[in-house]
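This report concerns only the one structure given below.
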Amino acid sequence: MRDFQILTDSVADLPASWVKAHPYVTVVDTPINVTTVDNQQLTLHNLTADDFEQVEQYIKQGGRAMTSQPSVFDPDEENPSSVESLTKHYLREGKDVIYITMAGTMSGTFNTVTLCYRELDDFATEQGRRLLCVDSHCMSTGLALLFIEIDKAIQRGEIDSIEKVADYVGANRGFMGHFFTWAKLDYIKLSGRVSSVQSMMANLFHLRLMCSAQYVNEYTRKLEHINPHAKQLIGIKSWANALGIYAQRHIVDPCGEVIVAHGNVPRDARMVVEKLREYLPDAKFLTGPEWRCGAGIQVHGGPTSIHVNFRTDIIGKLKETTEEMEDIIRGLRIRV
């Protein structure tokens, strides 16, 4: 038993089996808000990756959907589900609590939980415990990868307090590589990342964008194109080829974990794994039915989402990564 508890958002996309095996981690529900075509407002809770079909039916009818922040306050402490009630529950159990949020540039949860914990500070002091909230700078399965790394550090005996958890996150969050693509850009178009013309051309010719969560300055990480000036990649194998070359150059441990997750396109995920194995034959691939992009992430990228995550040896800066990826793609074209 540890004397601290880590809370995080359900958009961390940690498999249920992993969470069950690591009871010091609690996943807080990130609801999905739906506005139907006739302006009804719905809030859907605890959706799995497969449950995204419930949301998609409203979107196909002309409705809109977006993720919400976790519920912060909840008067029903008999059935704790909000950040406040869950935190009080663990404080009463004699545990310090740290909340590791999704990247603050992509979600307001960090600011909201920070304010909540300021209000709970006196309560924590009365219990003789401490509270912290830290921004992971990560999203989806990139945040899941960070949790895998945190657990390794705990098992090595390097982390035994919430302060050391926070220090570890601060020192390592920039090295969690995030790479994304989508077979259809309809959902990512709604986020403003691509234009209607780009979406139409990509869907028509089955083109692939290479996107990543890059640092645009020292503290700000955003989802950005990293092949905007090169011709778009054609097909999932071309995309995986380019990423395989990049991964071979920058993965910290060639025998380490590589997450390949998908919304609802298992065939594409298998193709990515097969291609990446050519570059990383000794890597431990985390993929298959458990590693999915959850409903909250599919709201933004859709069911054709593919995510690849691995620990990198550099902090991804937008300009440098884009230049390197363009060179890789150009080289692949020359070889073809």
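The values are calculated or read from the model by the stated rules, or taken from the named source; none is laboratory data. All of these numbers come straight from a predicted model, not from anything done at the bench. Backbone-built Cβ (ideal geometry, glycine too); neighbour counts: all protein chains shown.
Among residues that are assigned to a loop (DSSP other than H, G, I, E, B), outside the structural domain of residue 16 (by TED's automatic domain parsing) and small (Gly, Ala, Ser), residue 296 is not included.
Go through segment 278-297 and count every residue that is surrounded by 15 or more Cβ atoms within 10 Å (Cβ to Cβ) and not aromatic (Phe, Trp, Tyr). Final tally of qualifying residues: 11. Take the conditions at pLDDT 95 or above, of a type in the set (Val, Ile, Thr) and within 22 Å of the chain's Cα centre (by Cα) and apply them to residue 312. Does it pass? When the stated conditions are applied, residue 312 passes them.
Yes or no, residue by residue, for (1) of a type in the set (S, T, N, Q); (2) in contact with a Leu (Cβ under 6 Å, 6 or more places away or on another chain):
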position: 224; (1), (2): no, yes
position: 233; (1), (2): no, no
position: 258; (1), (2): no, no
position: 278; (1), (2): no, no
position: 285; (1), (2): no, no
position: 309; (1), (2): yes, yes
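Candidates are the residues of segment 13-34 that are among the charged types (D, E, K, R) and at pLDDT 95 or above; the one that is surrounded by the most Cβ atoms within 10 Å (Cβ to Cβ) is 13.
Among residues of segment 56-84 that are at pLDDT 85 or above, those with a beta-carbon under 9 Å from a residue that is among the aromatic types (Phe, Trp, Tyr) at least six positions away or on a different chain give the pairs 59/187; 64/58; 65/58; 82/73; 83/73; 83/99; 83/117; 84/73. Scanning segment 35-50 for residues that are surrounded by fewer than 16 Cβ atoms within 10 Å (Cβ to Cβ) and in contact (Cβ under 8 Å) with a residue 40 or more places away in the chain, we see that the one that is farthest from residue 87 (Cα to Cα) is 50.
Taking the numbered list (1) in a loop (DSSP other than H, G, I, E, B); (2) at pLDDT 95 or above in turn, residue 278 passes all entries but (1).
Each row is one residue, and each column tells you yes or no for (1) outside the structural domain of residue 140 (by TED's automatic domain parsing); (2) among the hydrophobic types (A, V, I, L, M, F, W, C); (3) more than 23 Å from residue 265 (Cα to Cα).
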{"position": "199", "(1), (2), (3)": "yes, no, no"}
{"position": "206", "(1), (2), (3)": "yes, no, no"}
{"position": "216", "(1), (2), (3)": "yes, yes, yes"}
{"position": "228", "(1), (2), (3)": "yes, no, yes"}
{"position": "233", "(1), (2), (3)": "yes, yes, no"}
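One residue alone among 264, 309 is buried (at least 19 other Cβ atoms within 10 Å of the Cβ) and of a type in the set (S, T, N, Q), and that residue is 309. Is it fair to say residue 113 is on the phi < 0 side of the Ramachandran plot, in contact (Cβ under 8 Å) with a residue 24 or more places away in the chain and in contact with a Cys (Cβ under 9 Å, 6 or more places away or on another chain)? Yes; evaluated as a whole, the condition is true for this residue. Residues in segment 251-275 that are within 20 Å of the chain's Cα centre (by Cα) and over 21 Å from residue 303 (Cβ atoms): 251, 252, 256, 257, 258.
Against the test of being in a loop (DSSP other than H, G, I, E, B) and either over 20 Å from the mean Cα position of the chain (by Cα) or assigned by TED's automatic domain parsing to the domain that holds residue 150 (or both), the options 30, 26 yield a single qualifying residue, 30. Inclusion of residue 202 among residues that are under 19 Å from residue 298 (Cα atoms), more than 20 Å from the chain's Cα centre (by Cα) and in contact (Cβ under 8 Å) with a residue 24 or more places away in the chain is warranted.
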